[in-house]
Amino acid sequence: MAVILRTTMNSLPFELIEKIIGHVDDEKHYISRSHLLACSLVCRLWLPSSQRRLFHHITFGTWETDADVQRLDQVLLNSPHLASYIQVLELPLWSWQYSDEPLSPLLGKFTHVQKLKISGLPWNLLPADIRQSLCRLLELPSMAFLYIQDAQFICMDDFTNFINHARGPVGLFLYHINTLWDPPHSFKLETKPAEDNKDKFEGYRICHLTRLDMMCRDNSVFVNWLLGPRTHLDVSHIHTLHICLHETDNDSVNRLLRAIGSSLKHISIFLLDEYPVLVNLAFNVNIEVLSLVRMDMGHKCLSTLRRLLSTVDASNHIHHIALCVDPLCFGLARVDREAWDEVYSVLAGPHFQFLRVLDININITPGGFPGNGRNESLLQESKDMVAAHPLLATRGVRVSLCQLPAFECIFCLHL
């Protein structure tokens, strides 16, 4: 029986093997990995496909980083071809300012990375060899998506010098970047003077970003950098924009939206305070999906939504609007009916003839936590609000009202 089974496995077409292993890889990560390891032991024909998926996405653990590095370095030393399978690399770097592990030689073995996710980046505290290795990673021709989260730079020049090593990203994701960092005085900092970029980009091709996530405390600093002469990144091809808004961000975000222009198709706005959002979408006539995250149903947020919708050009193609409601974000868990009537009158007007889906997602407060009762009240009020305005439904618009866990509600901006 074992001989028959082995013969059958060896005679399967390559395409069928790929599909079988692909289904295994679609499972949850911790399940998928053990199953892929089992697939790699079936026979020689199954080994390459299993290895490609096993090594496609590498994440260094935050607590066992030293062991991870040693183990992976040894694996790649014994089987160098596996390095070409690594296309997604996640590096939590806070611990590497204190580590004596040879991370730099390992980073030099990654030659086909397409997506790099760096979190906890204390740039000026990292050893020089690690900083150089990270810069070389950014210079890879295969590099397409760059994620930087919780990064610390003592000045904008250091951030600029680092990012400008990326030769061809199409997606840039900036989360909580501090460019005015004041580290503890006990650390010896290594800084690099600003480079003269006058001739720096002559050998570079212009990189056309297609996606930009900008979730920083001071977006104006990064907008000035993106639209200034110190980068080779072009924003006029961005079709997906996720951005958080503060009171002081209106002018800079409007400059960015004007520079992006008609290429923008999906925009998600994450509200960080109750101050008026004066964003103007008049220059973005091809938007198809609009998301507003972390709002309540009170007068201020609904007025913000109405003003935002009123700036949309009459020729827009918006077919999906998603509102992610958090009853506790600004301390209000009731619906302002008068403010919603004003929003509804805009949505039901001729400007939104292509609208087909209106999602209202209410953040669920876990049972036992303050505000759980508010969810029930807000949900019922929202149902009554929707029922009192049937016009959108008669126009063929699907109005969806549901509750989502907090995590999903926050990340529904990634529609």
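The values are calculated or read from the model by the stated rules, or taken from the named source; none is laboratory data. Small disclaimer: the values here were computed from a predicted structure and weren't measured. Glycine gets a Cβ as well: all are built from the backbone with ideal geometry, and neighbour counts include every protein chain shown. Ligands, DNA and RNA are excluded from the accessible area calculation, which covers all protein heavy atoms including side chains. Shrake-Rupley method; radii C 1.70, N 1.55, O 1.52, S 1.80 Å.
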Practice item. Can you work out which of the residues in the stretch 235-273 that are acidic (Asp, Glu) and either touching an Asp or Glu at 6+ places or on another chain (Cβ under 9 Å) or at pLDDT 90 or above (or both) is nearest to residue 322 (Cα to Cα)? Key: 273
Practice item. Of all residues in the stretch 52-70, count the ones that are modelled with pLDDT of 80 or more and either open to solvent by 50 Å² or more (accessible area, probe 1.4 Å) or not in a loop (DSSP other than H, G, I, E, B) (or both). Key: 7
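Here's the yes/no breakdown for (1) among the small types (Gly, Ala, Ser); (2) surrounded by fewer than 18 Cβ atoms within 10 Å (Cβ to Cβ):
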| residue | (1), (2) |
| --- | --- |
| 120 | yes, yes |
| 136 | no, yes |
| 143 | no, no |
| 153 | no, no |
| 166 | yes, no |
| 172 | no, no |
Review point. If we scan the stretch 71-90, do we find a residue that is among the β-branched types (Val, Ile, Thr), more than 23 Å from the chain's Cα centre (by Cα) and at pLDDT below 80?
Key: no
**Study point:** Subset of the stretch 233-272 that is in a helix (DSSP H, G or I) and among the aliphatic types (A, V, I, L, M) - its residue that is nearest to residue 211 (Cα to Cα)
**Key:** 260
Practice item. Report, by residue number, each residue of the stretch 332-362 that is modelled with pLDDT under 85, open to solvent by 50 Å² or more (accessible area, probe 1.4 Å) and not in a helix (DSSP H, G or I). Key: 332, 334
